[in-house]
Amino acid sequence: MNSRFVPILLLVLCSPVLLRADDTSEKRVANIVILATGGTIAGSGATSTTTVGYKAATVPVQALIDAVPELKKIAAVRGEQVFQIASQNMTNDYWLKLAKRANELLKQRDVDGIVVTHGTDTLEETAYFLNLVTNSDKPVVIVGAMRPSTALSADGPINLYNAVLVAGSKEAFGKGVLVCMNDQINSARDVTKTNTSTADTFKSPELGVLGYVQGDRVAFYRLPARRHTLNSEFDISGIDKLPDVEIAYGFASVSRTTVDALAAASVDGIVYAGVGDGNPSEVTEQALADARAKGILIVRSARVGNGIVARNNEVNDDKRDFVVSDTLNPQKARILLMIALTKTRDTKEIQRMFYEY
Ligand code: DAS
């Protein structure tokens, strides 16, 4: 063979797309890694009817996998216990550890997708964080449970089965990080926990689910509209500590105490969960302006949960040099501001990011 063709041939043979195509032609099952972090899905209760008052984060990842032998029919699954916590205890450091491990695995040709088992309290936040910082088009699916593994009709096993099915599906490629629970597939950006205890708690209010899992069928009906994963500009590979961004909550007769305390603590950013379309009171607007004058980035979000927080509506954001969260709720606005601050403190650039992610 003419030696000029050898490098081209090697390049083509090593291309993941071609190999992935070859792989599908062999109809092999997908290689899925389950990254376990704790939560109710790994919880246990004293009796089969203990659906509250159980202990979260007690069951190890291999026991979760062994409890669903049907997984073997749909994927080659292996598990890693990244950490074991109730997710109300999630921290920025845990997020960096999880995201870096996910990115290492996603680079591997023998990994087709990742499932993250997680507590439900901060599941939407971890999902959005990974949506911004995992740099692959391979599926990453976050899953939890609202009943412990020991309960009657525990939802964890079927949620885990469905999550592995989605993570191993070609349909899930390029859709960003997904949350798969209660037979529904939601986008990491729009999903939120809407009920303290029921199995149908995760919803994307007004914007809706992306799709469903029914039996062994994975069906999508919508696509995420914002930048994510492979199309993200963010890279946390060289980051060991994330900026400190906190949230202040708005309500009738709110004082400036919380905002002033955060400013005194010299946080890097404050997200304000305003009333209506992100409105602070006159008192808290002045407190936020004083914090901005100290160099603290300010993002106006809303406690309302749906709809757009618009620039220069009842607050002159241009004058105050505030950023608005668009439709991100306060807890997700905090995540985007934190990651944006790893790249820039320029408010026009950060506002662009809130309109793109
Ligand atoms: N405390 C909850 C958590 O770990 C339990 C759960 O619902 O997963 O997020």
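The values are calculated or read from the model by the stated rules, or taken from the named source; none is laboratory data. For clarity, every value in this text was computed on a predicted model and none was experimentally measured. When we count neighbours, we look across all protein chains shown, and the Cβ atoms used for this are built from the backbone with ideal geometry, even at glycine. Quick note on the areas: whole protein, heavy atoms, side chains included, nothing else; ligands and nucleic acids left out. Shrake-Rupley method; radii C 1.70, N 1.55, O 1.52, S 1.80 Å.
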Requested in this report: Could you list all residues from the stretch 122-146 that are open to solvent by 10 Å² or more (accessible area, probe 1.4 Å) and within 9 Å of the ligand (Cβ to nearest atom)?
Outcome: T122, M146
Query raised in the report: Only one of (1) closer than 19 Å to L336 by Cβ; (2) more than 16 Å from the ligand (Cβ to nearest atom) fails for M90. Which number is that?
Result: (2)
**Report entry** Index of the failed condition, I185 passing every other in (1) outside any strand (DSSP E or B); (2) open to solvent by less than 10 Å² (accessible area, probe 1.4 Å)
**Finding:** (1)
Report summary line: Out of (1) within 15 Å of the ligand (Cβ to nearest atom); (2) closer than 15 Å to I142 by Cα, the one G79 does not meet is (1)
Query raised in the report: Out of all the residues in the stretch 289-309, which are closer than 14 Å to A333 by Cβ and either at pLDDT below 95 or not in a loop (DSSP other than H, G, I, E, B) (or both)?
Result: L297, I298, V299, R300, S301, A302, G305, V309
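Do we find that V213 is under 20 Å from A293 (Cα atoms), buried (at least 18 other Cβ atoms within 10 Å of the Cβ) and not acidic (D, E) in this structure? Lay out the reasoning, then the answer.
Details: under 20 Å from A293 (Cα atoms): no; buried (at least 18 other Cβ atoms within 10 Å of the Cβ): yes; not acidic (D, E): yes.
No, not satisfied.
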**Report entry** Residues satisfying the stated conditions in the stretch 40-63, i.e. at pLDDT 75 or above, touching a strand residue (DSSP E or B) at 6+ places or on another chain (Cβ under 7 Å) and within 13 Å of the ligand (Cβ to nearest atom)
**Finding:** I41, A42, G43, S44, A56, A57, T58, V59
Query raised in the report: Consider N195 against the criteria (1) without any contact (Cβ under 8 Å) to a residue 12 or more places away in the chain; (2) of a type outside the set (S, T, Y); (3) at positive phi: it satisfies all of them except one. Which criterion is unmet?
Result: (3)
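Pick out the one residue from V283, V299 that is open to solvent by less than 60 Å² (accessible area, probe 1.4 Å) and of a type in the set (V, I, T). Break it down into steps so the answer makes sense when it comes.
Values: V283 fails: open to solvent by less than 60 Å² (accessible area, probe 1.4 Å).
One residue alone meets the criteria, V299.
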Query raised in the report: What pairs can you find where one residue is in the stretch 100-129 and in contact (Cβ under 8 Å) with a residue 12 or more places away in the chain and over 21 Å from G144 (Cα atoms), the other is away from the ligand (no atom under 16 Å from the Cβ) and in a helix (DSSP H, G or I), and their Cβ atoms are less than 7 Å apart, with a gap of 6+ or different chains?
Result: R109/P16; R109/L19; V111/L105
Query raised in the report: Restricting the stretch 107-121 to residues that are among the charged types (D, E, K, R) and in contact with a helix residue (DSSP H, G or I) (Cβ under 8 Å, 6 or more places away or on another chain), which is nearest to the ligand (Cβ to nearest atom)?
Result: D121
Query raised in the report: Of G176, G208, which residue is more than 12 Å from the chain's Cα centre (by Cα), modelled with pLDDT of 95 or more and in a loop (DSSP other than H, G, I, E, B)?
Result: G208
**Report entry** Residue pairs meeting the criteria (Cβ under 8 Å; at least 6 apart or on separate chains; first farther than 19 Å from L130 by Cα, in the stretch 342-357; second in a loop (DSSP other than H, G, I, E, B) and of a type outside the set (A, V, I, L, M))
**Finding:** R345/G295; T347/D321; T347/F322; E349/K343; Q351/R311
